[in-house]
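Below is one structure, written out as structure tokens; the observations come after it.
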Amino acid sequence: MVTGIQKIFDKRAEEWEAYKSILERANEEGRTLNADEIAKREKLLSSVNSYTQHIEEYERQEKTEAELAANYFNKREKSAGKSDNGEENAYRSAFMQVMRSGVRDLDKEQRALIEKRGTNTQIVGTDSLGGYLVPDEWMPGIESYLKDYSGIYEAATIKRSPTGASQYYAVNDDTSTIAVQVGEASTFTVQDFTFSQVQMDAYKFGTVVKESYEILQDNDYQLEAWFQEQFGARFGRAINNKCTIGNGSATPNGVVTASTLGKTAASATAFTYLELLDLKHSIDPAYRRSPKFGFMMNDAVLLAVKKLVDSQNRPLWLPSYVQGAPDTIDGTRYWINQDMDSSINASSKLILAGDFSKYYIRISGGMQVKRLDELFAMDGVVGWQAWMRFDGECVNTSAIKHLITAAS
């Protein structure tokens, strides 16, 4: 008996087959679609999209729960050989006390612990940041929101560093170099690697959230979960925006900005099935074999892709029929990125294709939070200022390319 989420997969498959059959029937009869058939197809496609959204929400929840469970067991393994695992719990308790009621109620030991963790020199030239590092156990929850709100964060390679000092990564594209035949006792031809490097910095981004005194006084209020959602969502949006369309001038170099031309569409207001295939195959097969190879686009552009068919009226987009397998475009996975162009206009970089492991996002240090007691006191609320530092850069522009519409 089919139960649970598989029912949703099955219902989506039925709707998708019905969507396709309307066009196939019209083709067999040698006629165009009538108004009623067009309306039915739009309704069916809307239903397919609704099921797809439900499946994505379910899989996101499953992934988050798996990450939280993995973090819990990893911590247990790390602490198995230690006689005292109380410091992290003590820090977490002190941190929450500061966030809920301020520093005034901290005892000497708590103050020493949280100041040691939270005010170390993480920015050159600054002795005290004035904030406190978010507890390690919070990060899986925050990370899940970063991924929810950032398609590029989910697809990219994440690099972490304890400080914000500039870091350099070697870059090499050796896909066109081949070994050469050498005769007996003959000299080998030297084929040097050609390396360049990219610099990654640590740009600071911040936000402020507020909550009322009354809610904070309620001990049942899940302040930890609220912080994770608020900060994770806001920084997720910031990372997605800057690491998608940032221009690289004193800010991250976004993946769209850094990508190279793969295909120019013939039209300024549309793209075709064949042009999308041309984009995919503009990437060297060595990169197409990567587990992180795929397409990336705005959800509005994905809707246009779903309507594309080949000469046999077979759709390019295919839904997954089982849990755990992604929906695909020409058999290739994709990521949704809402900071990419949503309108099909002239000179729009609409779709990316590539090995997104070649785009690096560098996270420097950890997220820090400072409680603001006085700033919003007249309004009866407490504020929290949070900041983190990150940068983004494509380390191999041959691996990620874009489809752009015609200029006019």
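The values are calculated or read from the model by the stated rules, or taken from the named source; none is laboratory data. Predicted model, so just to flag it, every value in this text is computed and none were measured. So basically every Cβ, Gly included, is an ideal-geometry build from the backbone, and we count neighbours across all protein chains shown.
General observations
- Among the candidates Lys401, Lys370, residue that is crowded, with 20+ Cβ neighbours inside 10 Å, outside any loop (DSSP other than H, G, I, E, B) and in contact with a Gly (Cβ under 6 Å, 6 or more places away or on another chain): Lys401
- Taking the range 232-265 as the range and being farther than 16 Å from Asp341 by Cα and part of a loop (DSSP other than H, G, I, E, B) as the test, the residues that pass are Gly248, Ser249, Ala250, Thr251, Pro252.
- Filter result (touching a helix residue (DSSP H, G or I) at 6+ places or on another chain (Cβ under 9 Å) and not charged (D, E, K, R)) within the range 327-342: Ile329, Thr332, Tyr334, Trp335, Ile336, Asn337, Gln338, Met340, Ser342
- Any hit, the range 329-339, residues being within 22 Å of the chain's Cα centre (by Cα), modelled with pLDDT of 95 or more and farther than 30 Å from Asp10 by Cβ: yes
- Total residues in the range 310-330 satisfying the condition of being of a type in the set (A, V, I, L, M) and either more than 17 Å from Thr52 (Cα to Cα) or outside any strand (DSSP E or B) (or both): the figure is 3.
- Any hit, the range 334-355, residues being in contact (Cβ under 8 Å) with a residue 24 or more places away in the chain, more than 25 Å from Gly246 (Cβ to Cβ) and either of a type outside the set (A, V, I, L, M) or not in a helix (DSSP H, G or I) (or both): no
- Looking only at residues of the range 373-383 that are in contact with a helix residue (DSSP H, G or I) (Cβ under 8 Å, 6 or more places away or on another chain) and surrounded by fewer than 21 Cβ atoms within 10 Å (Cβ to Cβ), we find that the one that is farthest from Glu137 (Cα to Cα) is Gly380.
- Restricting the first member to the range 195-215 and to residues that are under 17 Å from Arg237 (Cα atoms), and the second to residues that are surrounded by fewer than 12 Cβ atoms within 10 Å (Cβ to Cβ) and at pLDDT 85 or above, the beta-carbon pairs closer than 8 Å and six or more apart or on different chains are Tyr203/Ala250.
- Filtered by the rule that a residue be out of contact with any strand residue (DSSP E or B) (no Cβ under 9 Å at 6 or more places or on another chain), in contact (Cβ under 8 Å) with a residue 12 or more places away in the chain and not acidic (Asp, Glu), the range 301-313 gives Leu303, Asn313.
- Test for Thr260: is it modelled with pLDDT of 95 or more and touching a helix residue (DSSP H, G or I) at 6+ places or on another chain (Cβ under 9 Å): no
- Which listed residue is modelled with pLDDT of 75 or more and more than 27 Å from Ala225 (Cα to Cα), from Ser176, Ser166, Ser144: Ser166
- If the condition is being among the small types (Gly, Ala, Ser) and either within 25 Å of the chain's Cα centre (by Cα) or loosely packed, with under 15 Cβ neighbours inside 10 Å (or both), then the range 19-67 contributes Ser21, Gly30, Ala35, Ala39, Ser46, Ser50, Ala66.
- Selection status of Asn247, of a type in the set (S, T, N, Q), within 20 Å of the chain's Cα centre (by Cα) and under 15 Å from Leu352 (Cβ atoms): no
- Every residue from the range 195-215 that is surrounded by 14 or more Cβ atoms within 10 Å (Cβ to Cβ), among the β-branched types (Val, Ile, Thr) and more than 27 Å from Cys243 (Cα to Cα): none
- Scope the range 315-333; condition without any contact (Cβ under 8 Å) to a residue 12 or more places away in the chain and either surrounded by 15 or more Cβ atoms within 10 Å (Cβ to Cβ) or not small (Gly, Ala, Ser) (or both); matching residues: Pro326, Thr328
- Some residue of the range 290-306 being in a loop (DSSP other than H, G, I, E, B), out of contact with any helix residue (DSSP H, G or I) (no Cβ under 9 Å at 6 or more places or on another chain) and surrounded by 15 or more Cβ atoms within 10 Å (Cβ to Cβ): yes
- Of the set (1) farther than 18 Å from Tyr321 by Cα; (2) within 31 Å of the chain's Cα centre (by Cα); (3) of a type in the set (D, E, K, R), all apply to Asp10 but (1).
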